[in-house]
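> Please read through the structure below; I'll follow up with questions.
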Amino acid sequence: MKVLVTGVGGQLGHDVMNELAKRGHEGVGSGLAPTYSGAADGTAVTTMPYIRMDITDKISVDEIISREEPDAVIHCAAWTAVDMAEEEDKIERVRMVNAAGTENISLACKKIGCKMLYLSTDYVFDGEGSSPWEPDCKDYNPLNVYGETKLEGELAVANNVEKHFIVRTAWVFGVNGKNFIRTMLNLGKTHDTISVVNDQIGTLTYTYDLARLLVDMIETEKYGYYHATNEGGYVSWYDIAEEIFRQAAELGHTEYSPGRVEVRSVTTAQYGASKARRPFNSRLDKSKLKENGFELLPDWKDALNRYLREIEF
């Protein structure tokens, strides 16, 4: 297959390109930078074909996708800075990227009749209650600009592209970019005590594992809405921080040992300092994956361990 991937300078796009290469598919990366701008880690993505594409430029998107004629587009590009998205001077840009940009891609995919896979988020829901959100639930009620614009993107894909996959995920981390794990590791080097919230519940998602699933999907015609995170149950950010330092210390990084760093459990209200409202319930029901013959992602603790062994810290 020939697959165009947007946002290859980010965590997920990077890993999707490498997964495509591993399976012998023709991957073409794209992004806003003139050339590939992600981690120069020597993996396949660094030498694979790359096209500069501004997804907010409708004419350019249409021309590029019509010219390349991919069998599928995996749309990873997005504005993901959740707090910054609330700033008055940023809102229009966020909507241009997440909503209009996604619509531009969906219309171009519709024109050539190719598959489209769109990455979305649990933030399209309001995070109330404690039941896992089901993929076909339509009780949308986003709490912030990021969630609103990602939902607008979802609707554009569902309305325009017949052969679509909409995959919601949460709490993403990968080797190519910033994430919660790197933040904790950096803070742990300079702080004796770190406060982490205990009342936002969900599951981590390792982009290396998610990329495998996304390529599995585009190799099928099992279209529709899906939820995907690593397995291992639902936990809080506090639980994850504790596990990060436990594993880091176990790997020989004594600066993260319990006697050296203390993780304090606090509520979201106690923590404060967030411009965007965050959902408390980020639990996602992933049973539809199994029902459709897809392999579930590994346990999040296993994913975290593999990630820590992969990065330098």
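The values are calculated or read from the model by the stated rules, or taken from the named source; none is laboratory data. Being a predicted model, the structure only gives us computed values, none of them experimental. Cβ: placed from backbone, ideal geometry, glycine included. Neighbour counts: every protein chain shown. Just the protein is used for accessible areas: all its heavy atoms, side chains included, with ligands, DNA and RNA removed. Shrake-Rupley method; radii C 1.70, N 1.55, O 1.52, S 1.80 Å.
> Take the alpha-carbon centre of segment 25-71, take the same for segment 209-284, and report the distance between them in whole Å.
29 Å
> Plugging the Kirkwood radius over Cα pairs into Stokes-Einstein for segment 236-313, at a temperature of 4 °C and a viscosity of 1.567 mPa s, what D comes out in µm²/s?
On the way: Rh = 15.4 Å.
After rounding, the answer is 84 µm²/s.
> Given Cα pairs under 8 Å that are at least 6 residues apart, what percent is the relative contact order of segment 1-63?
Details: 98 pairs, mean separation 19.2, N = 63.
Across segment 1-63, relative contact order equals 31 percent.
> How large is the dipole of segment 68-160 about the Cα centre if only Lys and Arg carry +1 and Asp and Glu carry -1, each at its Cβ, rounded to the nearest 20 debye? Walk me through the numbers before you get to the answer.
Details: 8 positive and 19 negative charges, 90 e Å.
For segment 68-160, the charge dipole is close to 440 debye.
> Take every Cα-Cα distance within segment 125-231, group them into 10 Å bins from 0 onward, and report for each bin the whole-number percent of pairs it holds.
Reading the bins upward from 0: 11, 35, 36, 14, 4, 0.
> Just list whichever of 58/150; 163/286; 150/288; 110/150; 90/110; 2/111 have alpha carbons separated by over 23 Å in the model shown.
Numbers: 58/150 18 Å; 163/286 21 Å; 150/288 21 Å; 110/150 19 Å; 90/110 29 Å; 2/111 17 Å.
Table pairs above 23 Å Cα-Cα are 90/110.
> Quantify how much of the Cα-Cα distance distribution of segment 201-272 extends past 13 Å, in percent. Show your work: numbers first, answer last.
On the way: 1908 of 2556 pairs.
In whole percent, the share of Cα-Cα pairs in segment 201-272 beyond 13 Å is 75.
> Per q in 0.22, 0.30, 0.34 1/Å, what log10 I(q)/I(0) does a Debye calculation on the alpha-carbon atoms of segment 160-203 return?
-0.93, -1.13, -1.19
> Follow-up question, since we're still on this one. Provide, as a two-decimal number, the C-alpha radius of gyration of segment 37-163 over 2.2 N^0.38 Å, N being how many residues it has. Could you put the intermediate results ahead of the total?
On the way: Rg = 15.8 Å, N = 127, 2.2 N^0.38 = 13.9 Å.
Segment 37-163 yields a ratio of 1.14.
> Moving to a separate point now. Need one number for segment 125-180: average projected area of the convex hull over its C-alpha atoms, nm². Walk me through the numbers on the way to the answer.
Values: hull surface 21.5 nm².
The directionally averaged projection comes out at 5.4 nm².
> Round to the nearest 0.05 the FRET efficiency obtained for residue 69 and residue 37 when R0 = 25 Å and r is the Cβ-Cβ distance.
Working: r = 25 Å, r/R0 = 1.01.
E between residue 69 and residue 37, to the nearest 0.05, is 0.50.
> Measuring from the lowest to the highest alpha carbon on each principal axis, how far does segment 6-57 reach, largest first, in angstroms?
Dimensions of segment 6-57 along the principal axes of its Cα atoms: 31, 20, 17 Å.
> Label residue 312 and residue 285 with points 7 Å out from Cα along Cα→Cβ: what is the distance between them in nm?
4.6 nm
> Related question: Return the tail of the calculated pair distribution for the chain, meaning the percent of Cα-Cα pairs more than 28 Å apart. Walk me through the intermediate numbers first.
On the way: 18505 of 48828 pairs.
Everything past 28 Å amounts to 38 percent.
> Can you give the accessible area per residue of segment 35-91, in Å², using a 1.4 Å probe? Walk me through the intermediate numbers first.
Values: 3000 Å² over 57 residues.
So segment 35-91 comes to 53 Å² accessible per residue, rounded to a whole number.
> When Rg is the radius of gyration of the Cα atoms in segment 141-299 and Rh is its Kirkwood radius, what does Rg/Rh come to?
On the way: Rg = 17.8 Å, Rh = 17.6 Å.
Dividing the radius of gyration by the Kirkwood radius yields 1.01.
> At a threshold of 8 angstrom on Cα-Cα distance, excluding pairs fewer than six apart, so keeping six or more, what relative contact order does segment 15-172 reach in percent?
After rounding, I find 22 percent.
> Right, here's the next one. May I ask for the net charge around residue 281, where only other residues with Cβ less than 9 Å from the Cβ of residue 281 are counted and Lys, Arg are +1 while Asp, Glu are -1? Numbers along the way, then the final one.
Working: positive: 283; negative: 122, 126, 128.
Its environment carries a net charge of -2.
> Separate question: Calculate, for segment 197-313, the solvent-accessible area per residue in square angstrom, rolling a 1.4 angstrom probe over the heavy atoms of the protein chains.
On the way: 5320 Å² over 117 residues.
Accessible area per residue, segment 197-313: 45 Å².
> Now a separate question. Considering only DSSP states other than H, G, I, E and B, which trypsin sites (Lys or Arg not before Pro) in segment 107-154 qualify as loop sites with at most 14 other Cβ atoms within 10 Å? Please list the in-between numbers first.
On the way: sites: 110, 111, 115, 138, 150; in loops: 138.
Answer by residue number: 138.
> Sticking with this one: Test of understanding: what is the full-extension gain from residue 136 to residue 2, defined as 0.36 nm times their sequence separation minus their Cα-Cα distance? It would help to have the intermediate numbers written out before the result.
Values: separation 134, 0.36 × 134 = 48.24 nm, distance 2.87 nm.
Length gained, residue 136 through residue 2: 45.4 nm.
> Once the Cβ-Cβ distance between residue 84 and residue 262 is put in as r, and R0 is 25 Å, what FRET efficiency do you end up with, to the nearest 0.05? Working shown, then result.
On the way: r = 30 Å, r/R0 = 1.18.
With a Förster radius of 25 Å, E is 0.25.
> Given a 1.4 angstrom probe, I'd like the percentage of the accessible area of the chain that is carbon and sulfur, rounded to a whole number.
On the way: 6450 of 13450 Å².
Carbon and sulfur: 48 percent of the exposed surface of the chain.
> While we're here: Can you give me the angle between helix 58-68 and the longest principal axis of the chain, using Cα atoms only, in degrees from 0 to 90, rounded to the nearest 10?
80 degrees
> I would also like to ask the following. Considering the options 123, 241, 213, tell which one lies farthest towards the positive end of the dipole of the chain, charges being +1 on Lys and Arg and -1 on Asp and Glu at the Cβ, about the Cα centre.
Farthest towards the positive pole: 213.
> So how much slack lies between residue 23 and residue 269, counting 0.36 nm per residue of separation and subtracting their Cα-Cα distance, in nm?
Values: separation 246, 0.36 × 246 = 88.56 nm, distance 4.62 nm.
Working it through step by step, the gained length comes to 83.9 nm.
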